[in-house]
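What follows is one structure encoded as structure tokens, with my remarks underneath.
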Amino acid sequence: MASSLALVALSAPAALADQGPPRVPVDNAQPELAGASVTGTAKADTSIAITVHLKNRNQAALTTLIDELSDPTSANYGKYLSAAQFTSRFGPTAASVKKVENFLDDSGLTVTGVAENSAYIEAKGPVSKVQKAFDTTLKTYKKEKVKFRAASTKPSMPSDLQNVVLGVSGLASVSDLMKPASTSTAPPSDAFVNATPCSSYYGQKTASTLPSAYGKKQPYAPCGYVPDQLQGAYGVDSSIAKGLNGKGVTVAITDAYASPTARSDANTYATRHGQKALTKSQYTEVLPSSYRYGYDDAVNGDQCGEQGWYGEQTLDIEAVHATAPGANIKYVASPSCDNTDFVKTLIKVVSGHLADIVTNSWGGVDESNGSDLLDQVYEATFEQAAAQGIGFYFSSGDSGDGASGNDGTPTTQAPANSPYVTAVGGTSLAVNKRDNRSWETGWSTARSALSADGKSWDPTPPGTYQYGAGGGTSRVFAQPKYQKGVVPKDLATRYSSTPARVVPDVSALGDPNTGMLVGQTQTFPDGTVKYSEYRIGGTSLASPLFAGVMAIADQAAGRPHGFANPALYRLYGSRALYDPKPKSDLGVVRNDYVNGVDATDGTTITLRSIDVTTGTILRTRRGYDDITGIGSPNGTSFIRRLS
């Protein structure tokens, strides 16, 4: 992801000089073709859309500037650039944009748009002209039931564009699809209701009639924490009581698509749980003109699971509002879950400076995303955000070390692995009767079912690894300055003697078995559509919760913290952070309806063991670890010290 794109000029033999200027290869977000079979050649008259991504300028100076702007000890700390200033100093020049436009025009393609910050140029045209422009042949392929278009040979472009163009996407009709980090099993089309018994706070009810685990009876899982409990657990309740509630700070949320009931659901939830509803100006949406559904829509249908994203959006809004009830929330929708669409959505947020805090509860299955080009475009976007004082927060993932989704090889999740974003890991959280945090530990869950005779747990606890907060050591990024002296050497050098970036940076509640209660409009088996509430978790909960706390910190400081990692790591080891410590012999008993909504078809009873060390190489440890990072917010001390 961090690797530079090497475009080596090809010398043209004298005999071929009349064939035009020399050309250089160009990256094009090409999908992995191994295992794919050719099904034909793309029709010459089919119109396709492409995007030419442009390089930033003065990279060394930009890196130095970001270090100064985000370092609390620097004289330039917090002296951020405007979007116009960034473009003037580091963005593509008007001359570069014109050069690319001329190339596209001369190739017979129609320019359809230019990004506000000139980061990319969009164009369209028939396959025949696209093939000629990039000197390649576009063929159709099939891989694992997915049909797509891709270049059969390495595309190229005129060598005079080498220092201008980063790459081209769109020649292929498929790129990686992003997934929400939520562990929800309840999209709007499929209602979900928590089964009882469950506890209104951790430890309220004990499963006294069920088998013991770890030598004692275990408590029933919480029904789902509500805003007062979350505010109390992270110690921001006293700040909120004094008017520090995120007022005046805008938190942007990015997801795919847009739930038609997001505002009404969030307001119903808020008023049911002691919060004020979002005002008309407090919640706004920035939506695309139309939506797509991933891959080639006409052939493959909805590959993105549109309705599943509705639940993610609703969760994110309610979580931010739960911890920062005064903050403005701006929802910015991607037209699909396609990687390229998400890149453009983030560019829209940054180039328009739509918010100072951006929480993102989605990511790929590994840190490569399958595309060096898009990885570099993400990095350029995050660098511009850091220069402008915009802080990006990303869920670290819900699959532990990521090996299960990467052919058995542990991997961090992108874009959370970027050194210019704050990766938010997940925890298991115990909130007591007084809305205080009793304990917090790393989220790593294993599952055991109640045996047929009801006398034991099977397998013997901790059971089979189920899920947990994502994290680990990057195989791509070197260790950033802010992690030096904090991240243990054995983690930083897990794959190489050269220290690497380790994820996550910070953490908040993520365990769905000690999760948050959320409310959403759902469709029930009898066909009724109505608002209902259920417990949910995932690092897609942790990221917006942490973003809400940061909104309060921004308000208290009277300025945005922007790219906050250097400032956050300076808090390491202080009372400003709660250090989630390893736990043992802990679990919760969870009841679930077989049909997801009621007891008609019975219930299943399971023991969910907490902070397990089986099934993942990640471990909760004292100090920094690759599940919880440097820790979670610790109330007014966090707000005050960060300010």
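Mind checking the per residue accessible area of segment 364-481 for me, 1.4 Å probe, whole number of Å²? Please list the in-between numbers first.
Details: 3550 Å² over 118 residues.
Using a 1.4 Å probe on heavy atoms only, each residue of segment 364-481 averages 30 Å².
Which value in Å is the Kirkwood Rh of the chain over different Cα pairs?
25.4
So how tilted is helix 262-272 from the main axis of the chain? Cα-based, degrees 0 to 90, rounded to 10.
Roughly 20 degrees between the two axes.
Report the far tail of the P(r) of segment 534-636, meaning the percent of Cα-Cα pairs longer than 23 Å.
Working: 2426 of 5253 pairs.
Percent of Cα pairs beyond 23 Å in segment 534-636: 46.
For the cross-link pairs K124/K348; K217/K242; K330/K581, which exceed 30 Å when the distance is taken from alpha carbon to alpha carbon?
K217/K242; K330/K581
Under 5 Å between amide hydrogens, which residues at least 5 positions from Y531 or on another chain qualify, with H placed 1.01 Å from N in the peptide plane?
Those lying under 5 Å, H to H, from Y531 are Q522.
Under a point-charge model restricted to the Cβ atoms of Lys and Arg (+1) and Asp and Glu (-1), what is the dipole moment magnitude of segment 261-373 relative to its Cα centre, in debye to the nearest 20? Display every interim value, and only then the final one.
Numbers: 8 positive and 15 negative charges, 157 e Å.
Using Cβ point charges on Lys, Arg, Asp and Glu, segment 261-373 gives about 760 debye.
Angle between the Cα long axis of helix 339-351 and the longest principal axis of the chain, 0 to 90 degrees, nearest 10?
Orientation of helix 339-351: about 90 degrees from the principal axis.
Spelling out what I want: for every residue of segment 273-287, take phi, set θ = phi - 60°, compute 6.51 cos²θ - 1.76 cosθ + 1.60 (Karplus), and round to whole Hz; glycine and proline get x.
With the stated coefficients, segment 273-287 comes to 10, x, 10, 6, 5, 5, 6, 4, 7, 6, 10, 10, 10, 10, 10 Hz.
Compute the whole-percent fraction of alpha carbon pairs in segment 455-593 spaced more than 23 Å apart.
Counting pairs separated by more than 23 Å, the tail of P(r) holds 56 percent.
Step through the residues of segment 232-241 one at a time and calculate ³J(HN,Hα) from phi using the Karplus curve (6.51 cos²θ - 1.76 cosθ + 1.60, θ = phi - 60°), rounding each to whole Hz and writing x for Gly and Pro.
x, 4, 9, x, 9, 4, 5, 5, 4, 4
Tell me the net charge near I253. Cut-off is 12 Å between Cβ atoms, I253 excluded, with +1 for each Lys or Arg and -1 for each Asp or Glu.
Residues close to I253 contribute a combined charge of -4.
For segment 75-212, what is the relative contact order in percent, using Cα pairs closer than 8 Å and at least 6 residues apart in sequence?
13
Roll a 1.4 Å probe over the protein chains and send me the accessible area per residue for segment 31-129 in Å².
49
Going by amide H atoms built from the backbone, whose H comes under 5 Å of the H on T427, apart from near neighbours?
Under 5 Å from the amide H of T427: W443, A508, L509, G510, D511.
Along the charge dipole of the chain, Cβ charges K/R +1 and D/E -1, which of Y420, Y295, N634 sits furthest on the positive end?
With unit charges placed on the Cβ atoms, the residue in question is N634.
Could you work out the local net charge near S208, counting Lys and Arg as +1, Asp and Glu as -1, over the other residues with Cβ closer than 11 Å to its Cβ?
Once positives and negatives cancel, what remains is +3.
What aspartates and glutamates sit close enough to K205 to cross-link, taking a C-alpha to C-alpha distance under 17 Å and skipping anything fewer than 8 places away on the same chain?
D435, D592
Round to a whole number: what % of the accessible area of the chain belongs to carbon and sulfur, probe 1.4 Å?
Carbon-and-sulfur percentage of accessible area, whole number: 49.
So what's the net charge close to V97: Lys and Arg +1, Asp and Glu -1, counting the other residues with Cβ under 13 Å from its Cβ?
Cβ neighbours under 13 Å give a net charge of 0.
What accessible area per residue, rounded to a whole number of Å², is obtained for segment 226-267 using a probe radius of 1.4 Å?
Ligands and nucleic acids excluded, the figure is 32 Å² per residue.
At most 11 other Cβ atoms within 10 Å and a DSSP loop assignment: could you name the trypsin sites (Lys or Arg not before Pro) in segment 265-360 that fit?
Numbers: sites: R272, K276, K280, R292, K330, K344, K348; in loops: K276, K280, R292.
Loop-located and lightly packed - K280.
Can you give the helix-only mean residue ellipticity at 222 nm for the chain, where every DSSP H stretch with n ≥ 4 adds -39500 (n - 2.57) and the sum goes over all residues, rounded to the nearest 500 deg cm²/dmol?
-7000 deg cm²/dmol
For R475, what residues show an amide H to amide H distance below 5 Å, using hydrogens built from the backbone and excluding near sequence neighbours?
Under 5 Å from the amide H of R475 lie the amide H atoms of T412, each far enough along the sequence or on another chain.
Would you please report the Å³ per residue occupied by the convex hull of the alpha carbon atoms in segment 156-312?
265
Using θ = phi - 60° and the Karplus relation 6.51 cos²θ - 1.76 cosθ + 1.60, list the HN-Hα couplings for segment 308-315 in order, rounded to whole Hz, with x at every Gly or Pro.
Whole-Hz 3J(HN,Hα) from phi for segment 308-315: x, 6, 4, x, 5, 4, 4, 4.
Return the equivalent ellipsoid semi-axes of segment 483-542 as a descending list in whole Å, where each equals the square root of 5 times an eigenvalue of the C-alpha gyration tensor.
Output for segment 483-542: semi-axes of 42, 11, 8 Å.
Cross-link partners among aspartates and glutamates for K481, C-alpha distance below 16 Å, same-chain residues fewer than 8 apart left out?
Filter leaves D67, E68, D71, E383, D505.
The values are calculated or read from the model by the stated rules, or taken from the named source; none is laboratory data. From a predicted model like this one, the values you see are computed outputs, not experimental measurements. Note that we place each Cβ from the backbone using ideal geometry, even for glycine, and neighbour counts take in every protein chain shown. When the accessible area is computed, the model is the full protein with side chains, heavy atoms only, and any ligands, DNA or RNA have been set aside. Shrake-Rupley method; radii C 1.70, N 1.55, O 1.52, S 1.80 Å.
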